[in-house]
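The values are calculated or read from the model by the stated rules, or taken from the named source; none is laboratory data. Every value quoted in this text rests on a predicted model; they were computed, and no experiment measured them. Because the Cβ atoms are built from the backbone with ideal geometry, glycine has one as well, and the counts that use them run over all protein chains shown.
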Amino acid sequence: MIPERVARLLPLGCAVAAVQMIVFVTAAGWLRPGYDSSRNWVSQLSLGPHGWLNNINLALCGLWLLAGAAGLRRTSNTATLVSQRRTSNTAADASQRRTSNTAADASQRRTSNTAALVTQRRTSNAAMPKNQRRASNLVAWCGVSLVALAVLPTDAGIGYPPGTEATHTTIGLVHQLVAITLGLAGIGAAALLGRRAVAYAIAGIMTVTFVAASVLVLLDAADVLPGNPSGLLERVALFLGLGWIGWVTAREVSSPAKKEAETVTREWVGGGR
């Protein structure tokens, strides 16, 4: 069993992954000879001198995301307990008030108002844990994908490493397919976390930049549009997605709702029901 204090901090894994990825990729892109951060993709940092450092970066970020996903699932479970406790308390309150009140009209009004309130709370409280559970699954897949990308090297191409012929291997193809699923899972997770309007806007930007980067890198590889900024667009999608997921999950650690959820969990586990 994970200690309670450690378990509460698990969502921070997403924030750590975001900071680590942004800092490492930015610094490595600047320092790597012959590497063009606007053209070349993040995975290509695993090629050439000191490429093993990027493999470690990818694997560690993947593990951080897996820890964050576990924290998100834990938060969604405790939020469900909060929803159940609030619903049961509201129903008990309504029952007591109806019993003590002898006026038929007042009783009917209270009954209808309470029923509406219970329905509204059930709907809003149930939607959040459901979205968080889905998001936690997608974040977990992102973590697994990053670990896989660290193990499966990408092919040389679009000018990196310098002076190296472009290669096309089966492992490189698998790497590209995993990268596509990583992008799709990241977009889905970003859309499900945080305020809906902001989340949808961020997911939209990620979609546009990721699709554009994928098309442009193919044109670059085919020498149709060489030297285009596909790597820059990939970074926008990756950094924006990780940053948003990390920020939202970090807020879960200190939010009032989280503290209430932890209190309710302790009460239920301790027999406070």
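Based on this model, can you work out whether Ser38 counts as more than 18 Å from Ile245 (Cα to Cα) and surrounded by 17 or more Cβ atoms within 10 Å (Cβ to Cβ)? So Ser38 fails the test. Looking at this structure, is Thr154 in contact with a Gly (Cβ under 9 Å, 6 or more places away or on another chain), in a loop (DSSP other than H, G, I, E, B) and modelled with pLDDT under 95? The answer is no for Thr154.
For the stretch 172-189, the criterion of being among the hydroxyl-bearing types (Ser, Thr, Tyr), in contact with a helix residue (DSSP H, G or I) (Cβ under 7 Å, 6 or more places away or on another chain) and assigned to a helix (DSSP H, G or I) is met by at least one residue.
Take the conditions (1) at pLDDT 95 or above; (2) part of a loop (DSSP other than H, G, I, E, B); (3) over 24 Å from Ala212 (Cα atoms); (4) of a type outside the set (Gly, Ala, Ser); Cys14 misses just one of them, which is (2).
Against the conditions (1) modelled with pLDDT of 95 or more; (2) out of contact with any Pro (no Cβ under 8 Å at 6 or more places or on another chain); (3) part of a helix (DSSP H, G or I), Leu216 satisfies every one except (2).
Yes or no, residue by residue, for (1) at pLDDT 75 or above; (2) part of a helix (DSSP H, G or I); (3) surrounded by 14 or more Cβ atoms within 10 Å (Cβ to Cβ):
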site: Ala18; (1), (2), (3): yes, yes, yes
site: Ala67; (1), (2), (3): yes, yes, yes
site: Leu81; (1), (2), (3): no, yes, yes
site: Ala106; (1), (2), (3): no, yes, no
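In this structure, Glu234 does not satisfy being surrounded by 16 or more Cβ atoms within 10 Å (Cβ to Cβ), at pLDDT below 95 and part of a helix (DSSP H, G or I). Checked against (1) modelled with pLDDT of 95 or more; (2) buried (at least 23 other Cβ atoms within 10 Å of the Cβ), Leu72 passes all but condition (1). In the stretch 112-122, the condition of being surrounded by 14 or more Cβ atoms within 10 Å (Cβ to Cβ) and modelled with pLDDT of 95 or more is met by no residue.
Pairing each residue of the stretch 194-217 that is under 18 Å from Ala179 (Cα atoms) with any residue that is surrounded by 14 or more Cβ atoms within 10 Å (Cβ to Cβ) and at pLDDT below 95, provided the two are 6+ apart or on different chains, yields no C-beta distance under 6 Å.
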